[in-house]
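Peer 1: The structure that follows is given in the form of C-alpha cells.
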Amino acid sequence: MLYGIAALVSLVGLADSIYLTVEHLTGQSVRCTITSGCSEVLSSPYATVRGYPLAALGAIAYFVFFSLATLAAFGYRSTSKLLTPLVAAMFLTTLWLFYLQAFVIQHFCQFCLLSALVTTTLTALVIFARRTKQ
Amino acid sequence: MKRILPFIIIAVVLGAGLFTVAYLQRAASETPRTPSPAPSASPVASIPSQGEAGAEPAHALGNAQAPVTLEEFGDFECPPCGLLHPILKSLAGEMGPANLRIIFREFPLVPTHAHALAAAHAAEAAGLQGKFWEMHDMLYEHQKDWHEAFDVRPIFEGYAKNIGLDVAQFQRDNTSEIVERRIFLDGKRGHSLGVTGTPTVFMNGKEVPFESLAPDKLKALINNELAAHP
C-alpha cells in the first residue's frame, strides 16, 4: 500500500522534472523574458552536470524510483531493498540543491522546491514502509 | 496477469514520459520567434535588413565587412546575459575583428529588472564619450555587485570614474534625450524582430536558438557561417 502511494507521489516528481528538462532544453525559462522574469536558478552553472541538464537526471531518478516502487507494490519484495539507497541518494542531492538555492544562488525556483517536497515525501514513505514491515 | 501488470504500468509511464518530452519540445520549437521568416538564401553580411533600424550608429565591435555579425539584444541585469558576456568576449578575441562583428542592442526588461533601465542609460551615456564597451564590460562583469543594490547611481558613477569618463558629463548625459532615444530605438528594433527575452542573439539576421549559445555550439555555428561566406 505504502509503495503504491510512493509510486504515485514519484509520478509528480517525474512530471515536474520532465517539465524542467524541456524548459531547460528549449531555453524557455532560462532566458529572461518580458512577462515572466528569469530564473537565476535554472540559468546558473549548477543547473547542469557535465553539460547535461540536472532536471534530466532527476527525471531518470524519479522514473527508476517509480518502477521499483510499482514492482514492490505488486509483491516483488527484492526491489524494495533497492529503494532505500536510491531514495537516500535522492534525498542527499535534494539537500545539496536546497543549500545551493538558499546560500549560493540565493534564489528559489518553485519547480525545484516542488521536487524537494516530493523527494522528502518519498524518503518519509520509504522509511515508514520499512518500519512497518519490521 | 498480476505478475506482469507492474511491467505494463512501467512501460506505459515510460512511453507517456517520452511522448511528453517530444511533444513539449516540438511545441516549443514551433513557437514563432520572428514575425517574418528570415531570408535564407541571401548572403547577409552586415546588419540584417529586416525589422526596424535600431539606434544609429549601432555599438559594434569588429569590422563592418566581417562575414559574421552577431547582434545581441541584452539586458545588463539579466543573469544569463551576464553568463553570455565572457563567451562572446572570448569568441571575439579568438575569431578576430576581421571575421566576427558583435553588435549590442539595449533591451532592458522593465519591470522584471529594477535597475536594467538605469544600466542601459549608464552604458549609453558612456557611449556618448566613446566608452560604451568599457561600461558594457563593467556592468556585466560586476552585475552581482549592483543587481541587488538599492541605489545604483553612485555605483555606476564609480564605474564611469574607473573607466576614465568625465563624470559630470556622464551625469548630464544619463538623463539626456539622446540616450533615451537610443534605448527606445533599440527596443523598437527588438520588438519588430520578435524579441521577447534576453539574451537574444541574431547571427547574420537569423535568430540563434538559446540552447546554441553555449560556447562550443556558438563557435561551431560561427565557423559554419564563416565557411559559407569565404
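Peer 1: Could you give the size of the charge dipole of chain A about its Cα centre, using +1 on the Cβ of each K and R and -1 on the Cβ of each D and E, expressed in debye and rounded to the nearest 20?
Peer 2: Charge dipole, chain A, about its Cα centre: 560 debye, nearest 20.
Peer 1: Over chain B, what is the relative contact order in percent, taking alpha-carbon pairs closer than 8 angstrom and at least six residues apart?
Peer 2: The normalised contact order for chain B reaches 30 percent.
Peer 1: Among A:PHE91, A:TYR52, A:VAL126, whose Cα sits farthest toward the positive end of the charge dipole of chain A (+1 at Cβ of Lys/Arg, -1 at Cβ of Asp/Glu, about the Cα centre)?
Peer 2: About the Cα centre, the residue reaching furthest to the positive side is A:VAL126.
Peer 1: Looking only at the protein assembly as shown, where both bridge partners belong to it, what percent of the DSSP beta bridges are antiparallel (to the nearest 5)?
Peer 2: Here the share of antiparallel DSSP bridges comes out near 70 percent.
Peer 1: Give the lysines whose C-alpha is closer than 30 Å to that of B:LYS161, dropping any in the same chain fewer than 8 places away, or say none.
Peer 2: The reachable lysines, counting only those whose Cα sits under 30 Å from B:LYS161, are B:LYS89, B:LYS131, B:LYS144.
Peer 1: Report relative contact order for the stretch A:64-134 in percent, whole number only (criteria: Cα-Cα under 8 Å, sequence separation at least 6).
Peer 2: Reported relative contact order: 28 percent.
Peer 1: Relative to the Cα centre, what is the charge dipole magnitude of the protein assembly as shown, using +1 at the beta carbon of each Lys and Arg, -1 at the beta carbon of each Asp and Glu, and rounding to the nearest 20 debye?
Peer 2: Computed about the Cα centre, the dipole is about 2080 debye.
Peer 1: Here's a follow-up. What is the stretch B:186-230 by shape, rounded, prolate or oblate, if you read a ≥ b ≥ c off the alpha carbon gyration tensor as root eigenvalues and call it rounded for a/c under 1.5, prolate for a/b larger than b/c, and oblate otherwise?
Peer 2: Oblate, since a/c reaches 1.5 and b/c is not below a/b.
Peer 1: Report, in degrees rounded to the nearest 10, the 0 to 90 angle that the Cα long axis of helix B:215-228 makes with the longest principal axis of chain B.
Peer 2: So the inclination is approximately 80 degrees.
Peer 1: Something else: Taking the simple approach of a point 7 Å from Cα along Cα-to-Cβ for both B:TYR23 and A:SER78, what is their distance in nm?
Peer 2: My value for the distance between the label points is 3.6 nm.
Peer 1: Would you list which lysines come within 20 Å of A:LYS81, measuring only between C-alpha atoms, while excluding same-chain residues fewer than 8 positions from it?
Peer 2: Reachable lysines: A:LYS133.
Peer 1: About the Cα centre, and with charges only on the beta carbon of Lys, Arg (+1) and Asp, Glu (-1), how big is the dipole of the stretch B:48-147? Nearest 20 debye, please.
Peer 2: 160
Peer 1: Would you please classify the overall shape of the stretch B:43-120 from the alpha carbon gyration tensor, given that a ≥ b ≥ c denote the square roots of the eigenvalues, rounded means a/c under 1.5, and beyond that prolate means a/b larger than b/c while oblate covers the rest?
Peer 2: Since a/c reaches 1.5 but b/c is at least a/b, the shape of the stretch B:43-120 is classed as oblate.
Peer 1: Oh, and also: Note the per residue figure in Å³ for the convex hull of the C-alpha positions in the protein assembly as shown.
Peer 2: Residue-normalised Cα hull volume stands at 150 Å³.
Peer 1: Determine ³J(HN,Hα), in whole Hz, for all residues of the stretch B:144-157 in sequence, where each value follows from phi through the Karplus function 6.51 cos²θ - 1.76 cosθ + 1.60 and θ = phi - 60°; x replaces Gly and Pro.
Peer 2: Coupling constants for the stretch B:144-157: 5, 6, 10, 3, 9, 5, 7, 10, 8, 4, x, 5, 5, 5 Hz.
Peer 1: If you wrap the stretch B:131-230's Cα atoms in a convex hull and average its projection over all directions, what's the area in nm²?
Peer 2: Hull-based average projected area comes out at 8.8 nm².
Peer 1: Now for a different question. B:ALA98 to A:VAL12: FRET efficiency via 1/(1 + (r/R0)^6), r the Cβ-Cβ distance, R0 45 Å, to the nearest 0.05?
Peer 2: Calculated value: 0.25.
Peer 1: Average projected area of the Cα convex hull of the stretch B:67-179, in nm²?
Peer 2: Average of the hull's projected areas for the stretch B:67-179 equals 7.1 nm².
Read-outs throughout are calculated quantities, based only on the coordinates presented, and are distinct from any laboratory measurement. Because the structure is a prediction, the values reported are computed rather than measured. All Cβ positions, glycine included, derive from the backbone under ideal geometry; neighbour counts span all protein chains shown.
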